[in-house]
Amino acid sequence: MQVSSLNEVKIYSLSAGRSLPEWLSDRKKRALQKKDVDIRRRIELIQDFEMPTISTKIKVSRDGQYIMAVGTYKPRVRCFDTYQLSQKFERCLDSEVVTFEILSDDYSKIVFLQCGRFVEFHSQHGHYYKTRIPKFGRDFSYHYPSCDLYFVGASSEVYRLNLEQGRFLNSLQTEASESNACDINPVHFLFAMGTAEGKVECWDPRTRNRVGLLDCALSSVTADTEIEGLPSISALKFDGALNMAVGTSTGQVLLYDLRSSNPLIVKDHHYGLPIKSIQFHHQLDLIISADSRIIKMWNKDTGKIFTSMEPEHDINDVCLYPNSGMLMTANEAPKMNIYYIPVLGPAPKWCSFLDNLTEELEENPESTVYDDYKFVTRKDLENLGLAHLIGSSLLRAYMHGFFMDIRLYHKAKMMANPFAYEEYRREKIRQKIEETRAQRVQLKKLPKVNKELALKLIEEEGEEQQLSKKRKQKNLPSLLKDDRFKVMFENPDFQVDEQSEEFRLLNPLVSKISEKRKRKLKILEELEAQGQEEEEEPEGKASDAESSESSDDEKGWVEEVRKQRKLLRQEEKLKRQERLKEDQQTLLKPQFFEIKEGEEFRSFKDSAKKQKLMKKTLEDRLKLEEKLGTLNVSDTTVGSKQATFKLKKSEQQRKQQEAEKRHRQERKTLRRSASHLKSRRGRGRLFH
């Protein structure tokens with residue numbers, strides 16, 4: 001039995017596990033059950049609850065004793081007795097069954113609509129009568145007050161067959177070209193049919209007149225939905241006197257109140273597949289809708305998802321056992337699935353032991369979900385070279401990744417890295433050897449990774465332990481023994497790179513801090529040994545000595561930093577020389593560039609100047625801009641610096657400004673010459 005959980009709702013798959021072939025004898029079946037543990041532990045709720053190839057429809061009789069299913073191949077119907085937990089009878093048919101209806105409380109009256117336009121009636125002993133309708137049928141409903149069968153299909157007419165008189169009555173003429181589904185309300189017996197144009201027509205059987213028309217195709221299209229064509233009606237179901245659920249061929253479920261033409265809620269399955277079945281669960285106010293890929297349970301008031309199930313094979317029909325938490329499905333596979341959901345209701349009377357079994361499983365929970373699958377992300381698929389499988393049946397989308405078969409994952413990993421298993425095996429052997437060595441008497445041994453850091457921590461830990469013993473304080477936990485930092489001394493990825501620039505510049509500072517700590521600890525030990533004498537002169541001497549030592553240490557540290565910087569500069573020079581040699585050896589090929597329309601060609605000097613300017617430091621660039629006058633740096637009253645920039649002008653603006661300056665200078669010269677002439681004329685008149 002397989003257990004899965006979604007939204008904290010436990011779902012028990014009672015049909016999970018291997019099934020034995022039919023052609024095996026009872027003796028061989030018993031032998032296999034003794035040998036194979038999986039076969040012995042499986043739960044076979046109903047014996048041989050399967051079809052030869054596929055099952056298309058499944059229903060439960062009104063008394064709850066019989067479960068009937070139809071399938072192929074050859075076309076047949078099987079009846080299972082729940083009181084005996086086995087098959088009661090099997091009948092083969094002439095053609096495949098489109099749908100069927102149980103008219104009586106038990107299996108004594110059954111009607112089959114077959115794909116060859118045949119309508120076949122069966123009684124308790126077997127085949128009773130067979131007739132034919134004019135067009136291919138797709139669905140039918142039974143009107144109990146008048147004993148009429150209403151057939152809809154590839155025609156604009158709804159054919160009526162009266163079972164009391166044994167003859168066809170006048171058909172109902174509709175506006176639809178074809179009809180896919182129909183249902184009759186159990187309270188007021190209103191007949192509703194879903195058309196291929198995405199409309200629902202409601203008819204009154206008493207007057208044989210149409211009383212209502214709903215356009216579901218337009219209502220199903222919302223802002224979030226994406227559809228390729230006109231949605232048609234694929235499923236129809238009444239709930240009580242006023243509610244009706246409609247399923248479309250594009251994967252939407254619409255819930256209507258018959259008093260309104262607008263849907264109360266529109267639920268999208270987001271798969272774009274036709275809705276196959278709609279069921280109502282009245283205790284929890286749920287709607288169970290199913291397409292060929294998923295079964296969704298959601299609240300009919302809010303539309304919030306309660307839980308969902310994705311079987312391995314495509315779904316053809318869903319049947320909810322009345323007044324219980326059991327769910328059965330007809331699939332594109334021989335085995336018909338049985339699910340038990342304790343939240344929906346108790347187990348049926350004929351399998352009440354399921355309640356005790358599930359309670360025991362809940363007391364001892366085990367993580368058995370997806371044992372045969374591996375969760376991979378999109379990046380993992382790219383590394384394995386399986387990104388082309390996205391969207392296929394081999395990958396099942398879940399959250400931020402996909403589930404794939406564990407066998408396929410192992411095969412792909414072996415092809416991507418054939419020596420991965422050998423490395424894994426060596427690592428496991430090494431861990432086992434280290435575990436056995438850990439049981440022996442161990443000496444103080446440094447780890448393989450970050451030995452210098454571990455040695456430093458051990459020395460500091462020893463010094464702190466000595467001080468804590470003297471002061472009678474509790475020892476602090478060691479980093480070497482802390483599980484949070486264990487990987488730092490085991491995984492080679494955490495090895496400190498001593499040749500890096502950061503480490504070489506910071507190492508003098510780190511070593512200096514450790515030396516200071518050691519000296520301070522020695523001074524404290526000496527003070528404690530002397531009895532902590534409180535005299536001023538020795539304290540002064542100690543402070544002078546400490547200050548002199550600290551100044552010497554600081555000088556030494558500065559010298560070490562300078563040495564490291566010199567070494568780094570030399571290394572950078574060598575790298576540059578190597579790059580220059582490589583550049584000289586490489587042959588440069590001429591490149592041609594196309595100038596865009598509306599732009600003038602300029603020399604390559606501008607780009608070279610820009611590259612040289614970008615290589616300069618920020619300080620040099622600021623000085624250059626300050627000389628050119630585009631930058632002005634000034635001190636403020638608060639003590640901070642204020643920098644003002646002037647935007648660089650383009651060549652056209654610069655030429656325009658130069659022309660304006662020339663024009664102004666010419667006008668100034670003209671004005672001066674004019675004023676000079678006027679003054680000379682005035683002087684001549686005075687002399688005359």
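For Tyr129, the solvent-accessible surface with a 1.4 Å probe is about 120 Å², rounded to the nearest 10. With the highest mean first, a sort of the peptides 155-167, 269-281 on other beta-carbon atoms found within 10 angstrom per residue produces 269-281, 155-167. Ligands, DNA and RNA left out, the accessible area of region 2-363 computed with a 1.4 Å probe is 46% carbon and sulfur. What you get for region 2-363, charging only the Cβ of Lys and Arg (+1) and of Asp and Glu (-1), is a dipole of about 1180 debye around the Cα centre. Taken about its Cα centre, region 373-419 carries a charge dipole of roughly 80 debye when the Cβ of each Lys and Arg holds +1 and the Cβ of each Asp and Glu holds -1. What a 1.4 Å probe finds exposed on region 373-419 is 59% carbon and sulfur by accessible area, rounded to a whole percent. Packing here is the average count of other Cβ atoms within 10 Å per residue, and on that basis the peptides 299-306, 422-429, highest first, run 299-306, 422-429.
Report the calculated FRET efficiency for Leu455 and Glu572 (r = Cβ-Cβ distance, R0 = 22 Å), to the nearest 0.05.
Result of the calculation: an efficiency of 0.10.
Listed peptides 188-195, 254-261, 486-493, 60-67 appear in the order 188-195, 60-67, 254-261, 486-493 once ranked by packing, highest mean of other Cβ atoms within 10 Å at the front.
The values are calculated or read from the model by the stated rules, or taken from the named source; none is laboratory data. If you're wondering where the values come from, they're calculated on a predicted model, not measured in any experiment. Cβ atoms come from the backbone with ideal geometry, glycine included; neighbour counts cover every protein chain shown. Keep in mind that these areas ignore ligands, DNA and RNA; they rest on the heavy atoms of the full protein, side chains included. Shrake-Rupley method; radii C 1.70, N 1.55, O 1.52, S 1.80 Å.
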